[in-house]
Structures are given as C-alpha cells and as structure tokens.
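Engineer: Can you read through this structure? Questions will come right after.
The values are calculated or read from the model by the stated rules, or taken from the named source; none is laboratory data. Model, not experiment: these values are computed from the prediction. Note: ideal-geometry Cβ built from the backbone for every residue, glycine included; neighbour counts use all protein chains shown. Protein only, heavy atoms only, side chains kept; ligands, DNA and RNA dropped before computing areas. Shrake-Rupley method; radii C 1.70, N 1.55, O 1.52, S 1.80 Å.
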Amino acid sequence: MRIAFIGLGNMGGPMALNLMKAGHSLVVHDVRKETAAPHLERGATWADSPRAAAPGGELILTSLPGPPEVEAVALGENGIIHGAAPGAIYADLSTGSPSVIRRIHALFEAKGVHVLDAPVSGGVWGARSGKLQVMVGGDEKLFRQIKPALEAIGDKVGLMGDIGSGTIAKLVHNMIGICTRQVVAEAFTLGVKAGVRPEALLAAVKGGSFGQGLLLTQVLPEIVFKGDFDTVRFALRLARKDLGLATELARECNVPMEMAALAEQTLVEALARGWGDKDFSAPFMIQEERAGVRVRT
Ligand code: NAD
C-alpha cells in the first residue's frame, strides 16, 4: 500500500519502520526532520508538510502528541485535507479526543476522504516489536480495507464501533492504567512501611486473584456484564472488612490512602443499602446509578 506517515516520534518512528518492513511504500513527514533518518535510509520519501505527504497516499497515518497537533496536521493551512485524494483513508493513531476526530471525519467526508481513529496501546516496546493493540473507530468496510496494513504495527487490531470509538476505548484503557498506578502506589507504600519487602509484596500480588487477571477474565464478563451480583463468590461484607483492615493499618502506619478511602466509602454505602451478602462487585451498581448507565452485554 502507498502510505503517508506523519509524526515519527517514539511511537510513530518504529510503527512506520514496521510498515516498511511489511512491504508498504512510505512518504514521511515530521516537524523534526531528523526523526525520518532511519526511514529515508531504507527508501522512504520525504515530504515537507502533511499537505505534501498526502497526495498518492491510499492510506494516511498520523502519530502526534494530541488533539491540537492532530487538528493542525489534518485541517491546518498545510494540512492533510488540502492534499489527500478523494477515496483515500486517513487514520489517526494518536491518543486524542473523540469530538475532534468526529469533526475531522465530517470535514474530510465532505471532500470524499474517509477517516478512522485508530489509537494504539503497548508502549514503545510494542511499537518496536509490532505487538500493539490497535483500537479502531469508524466504518466497518474501511476498517477491513486497512486492517492488513494495521497488522504490520499491531498483533491485536479490533473495531470498537463508529468514528471516535477507538479513542473512547483508548481513554478507558489509559484511565484504568493511570489510576491503577496510584492505587498500587498506595498499596505498596503501605506494605513496605508496615514491614514487608517489595519483592515479597510483588510475588503475593502476582500470585493472588488480582495478579491472575480475574478482574478482566471473570469479574467483568461473568458478573458485571451479566448483572449477576447476587451469586456470591466473595461477599461484600468480607471485602468491606478487608479494605477496612487495610485502611486501619494505613492509619497505624501514617500512610495516606486517598483512593482506598474513597473506595471504602462506596463499600460503606453499599452495606448501608443492605448489600452485605451480595458479591463484592456490587458497588459497581452504585457507580452505574451515578453515571446513569448500565454496563451489560
Ligand atoms: P512523541 O512526542 O515522541 O512523537 C510525536 C511526534 O510528532 C514527534 O516526532 C513530533 O516532532 C511530531 N509532531 C508534533 N507536532 C507535529 C506537527 N505539527 N507536524 C508534524 N509532526 C509533528 O510522542 P509519542 O510517544 O510517539 O506518542 C504519539 C501518540 O501516541 C500520542 O498521542 C501518545 O499519547 C500516544 N501513545 C504513546 C505511547 C507511548 O508509550 N509513548 C503509547 C501509546 C500511545
């Protein structure tokens, strides 16, 4: 495929190289020309702007810092919109904003150019090894058209829904990853300050139900998606006891536990509703109430 690739940073650089290794011919652009050296060495063509890179590209890809750069590169004076040929497909690999990509989609469609969002996950390691999760939003026929090319950068390429859905999925993914780091920081500072070695804590967490990934493989599909909070695998009253013991230990050790304290309050509310003998996933329903939505398949 003839591909225009704009944004050759930590992620874009290796992704563009993998596309070349898979046999695609690339035109590349970045505001920092030096980022293109490895690609030009291997036969890619340089373009001086996104507008100059786009003509001839059956597929145009961008990997840019965020929404302002994506808007500038897509819609600016020297933007893709002024260079892309009707029938071409533009897919944005950046982590961006659903509303921005939807606006770009509408403006491009008016010119006969198709748009998909396709943010990726897997870090620079995944970008180098071609083992990324690619979360695509947009028309299914277009998705099938570019899936083979996307498989050069990711081993898990999936359609999440309409335009913007890839970005929503990516934001959900990153929110979990980022907030979990904070919870893990609370838990490990508690564990270490209370006297256990970090390596031992890691072994315990890895070997237990959380470390086995049961939240993703069992709890979400089997309990939450089915709304089956009454079949008790672990009773809420026992989970509340455990979190209470952990926050009590944190108070003894003077370890601040903001995230745990917030979670504990929701568990207390769930118990006050008489849910002690429901499964310990039941507080999910409180968040569903607050959000005005149910997470069911
Ligand atoms: P980066 O800053 O390394 O790369 C961005 C590239 O875009 C740079 O080379 C920069 O020079 C170029 N650029 C910026 N403005 C430009 C413009 N107007 N025209 C042309 N080129 C321009 O960032 P990154 O880490 O490669 O991330 C790219 C995207 O992927 C981001 O949206 C990021 O959130 C997402 N992402 C990053 C990671 C990661 O681990 N680094 C993982 C998954 C997703």
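Engineer: Looking at segment 29-48 only, could you name the residues that are of a type outside the set (D, E, K, R), within 11 Å of the ligand (Cβ to nearest atom) and either in contact with an Asp or Glu (Cβ under 9 Å, 6 or more places away or on another chain) or open to solvent by 40 Å² or more (accessible area, probe 1.4 Å) (or both)? Don't jump to the end; show me each part of the working.
Structural biologist: Step one: list which residues in segment 29-48 are of a type outside the set (D, E, K, R), which gives 29, 31, 35-40, 43-47.
Going one step further and asking which of them are within 11 Å of the ligand (Cβ to nearest atom), we end up with 29, 31, 35-36, 47.
The answer is H29, V31, A36.
Engineer: Just need a number here: residues in segment 1-19 that are open to solvent by less than 60 Å² (accessible area, probe 1.4 Å) and either outside any helix (DSSP H, G or I) or under 15 Å from E58 (Cβ atoms) (or both).
Structural biologist: Pass one, segment 1-19, residues open to solvent by less than 60 Å² (accessible area, probe 1.4 Å): 3-9, 11-19.
Filter once more, keeping what is either outside any helix (DSSP H, G or I) or under 15 Å from E58 (Cβ atoms) (or both): 3-9, 11, 19.
Looking only at that region, the number is 9.
Engineer: Which condition number in (1) assigned to a helix (DSSP H, G or I); (2) open to solvent by 10 Å² or more (accessible area, probe 1.4 Å); (3) within 17 Å of A169 (Cβ to Cβ) is the one that I101 fails?
Structural biologist: Checking I101 against (1) assigned to a helix (DSSP H, G or I); (2) open to solvent by 10 Å² or more (accessible area, probe 1.4 Å); (3) within 17 Å of A169 (Cβ to Cβ), the one that fails is (2).
Engineer: Moving on. Picking from R197, R181, which residue would you name as being within 16 Å of the ligand (Cβ to nearest atom), of a type in the set (K, R) and either modelled with pLDDT under 95 or surrounded by fewer than 18 Cβ atoms within 10 Å (Cβ to Cβ) (or both)? Walk me through how you get there before you give the answer.
Structural biologist: Numbers: R197 fails: within 16 Å of the ligand (Cβ to nearest atom).
Only one candidate passes the filter, namely R181.
Engineer: Among (1) modelled with pLDDT of 95 or more; (2) open to solvent by 60 Å² or more (accessible area, probe 1.4 Å); (3) hydrophobic (A, V, I, L, M, F, W, C), where does F210 come up short?
Structural biologist: Exception for F210: condition (1).
Engineer: Follow-up. Which residues, counting only those in segment 57-77, are surrounded by 16 or more Cβ atoms within 10 Å (Cβ to Cβ) and assigned to a loop (DSSP other than H, G, I, E, B)?
Structural biologist: Correct list: G57, E58, S63, L64.
Engineer: Pairs only if they're at least six apart or on different chains, beta carbon under 9 angstrom, first in segment 135-161 and assigned by TED's automatic domain parsing to the domain that holds G12 and open to solvent by 20 Å² or more (accessible area, probe 1.4 Å), second among the acidic types (D, E) and part of a strand (DSSP E or B); list them, first residue then second.
Structural biologist: M160/D117
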